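Report on the following structure.
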Amino acid sequence: MPVVDRSVAEQRRWDRRSGLEDFVNCYECRREGRVAASAEAVCQHCGAGVCADHVRVEMQELHQQAGLGKRTHNLPARRMLCTVCEAAERSG
């Protein structure tokens, strides 16, 4: 797994040596001007790759149409959002 505290150039050299050239960086880290950490999740709403610092994990009940009503599944599902989409959802 790539080390976060390296410069971008050092990070790319390390990735090529270790065979990890094709990875996704955290969009929020880049937007903040930080050296981007590897993305560990994808925002369900906007599709941005986000690191562990920027992902917000929520539990969500799943519903399914069942005849004239709906059925709720026994186990909740996991829902991952970036900080921007989470704030947008909570603002309205």
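A short reminder: the numbers here are calculations on the coordinates, not readings from a lab. None of these values were measured; they are calculated from a predicted model. Virtual Cβ from ideal backbone geometry, glycine too; neighbours counted across all protein chains shown.
Quick rundown of the values:
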item	result
Residues in region 51-92 that a label on residue 31 would reach, taking backbone N under 15 Å of a point 7 Å out along Cα→Cβ	51-56, 81-91
Using a Förster distance of 41 Å, the FRET efficiency for residue 46-residue 68 (Cβ separation, nearest 0.05)	0.75
Packing-based order for 36-45, 23-32, using average beta carbon neighbours within 10 Å, highest first	36-45, 23-32
